[in-house]
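S.K.: One structure follows; several queries about it will come next.
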Amino acid sequence: MCFGDEVIQAVIDSGLQLNIIHADIFKQSIHLPVDTSQVIKMNDANGGTGELRGYVQNVHLTCGSIGTVANLYLGQKAPFKLLLG
């Protein structure tokens, strides 16, 4: 996926209900306002839980000639750069 000129490797999971970006990748690539009051808990596929701290609305992403707008939660310890549901 691309955000402007930045290329971000993404995993697409159609069973996921959230879009999550690793907080470090967000800080490096996407310079948009973050709502830090948005904190949610997420269950992972292995039965563990994690906390997502921060929410960003209306992030314009492209993949080739296809564009989309996503709302992203920030994950501090995510094992991926970008996860799209």
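S.K.: Only one of Y55, Y73 is over 16 Å from Q9 (Cβ atoms), touching an Asp or Glu at 6+ places or on another chain (Cβ under 6 Å), modelled with pLDDT of 95 or more and of a type in the set (F, W, Y). Can you tell me which? Reasoning before the result, please.
M.R.: Details: Y73 fails: touching an Asp or Glu at 6+ places or on another chain (Cβ under 6 Å).
When all the criteria are applied, what remains is Y55.
S.K.: Residues of the range 31-54 being in contact with a strand residue (DSSP E or B) (Cβ under 8 Å, 6 or more places away or on another chain), outside any strand (DSSP E or B) and either closer than 21 Å to P79 by Cα or among the β-branched types (V, I, T) (or both), which ones?
M.R.: V34, D44, listed by residue number.
S.K.: Do you know which residues across the range 65-84 are out of contact with any strand residue (DSSP E or B) (no Cβ under 9 Å at 6 or more places or on another chain) and part of a strand (DSSP E or B)? Please lay out each step first, then the result.
M.R.: Going residue by residue through the range 65-84, those that are out of contact with any strand residue (DSSP E or B) (no Cβ under 9 Å at 6 or more places or on another chain) are 65-66.
Listed by number, the list holds a single entry, I66.
The values are calculated or read from the model by the stated rules, or taken from the named source; none is laboratory data. Since we're looking at a predicted model, the values are computed, not measured. Note that we place each Cβ from the backbone using ideal geometry, even for glycine, and neighbour counts take in every protein chain shown.
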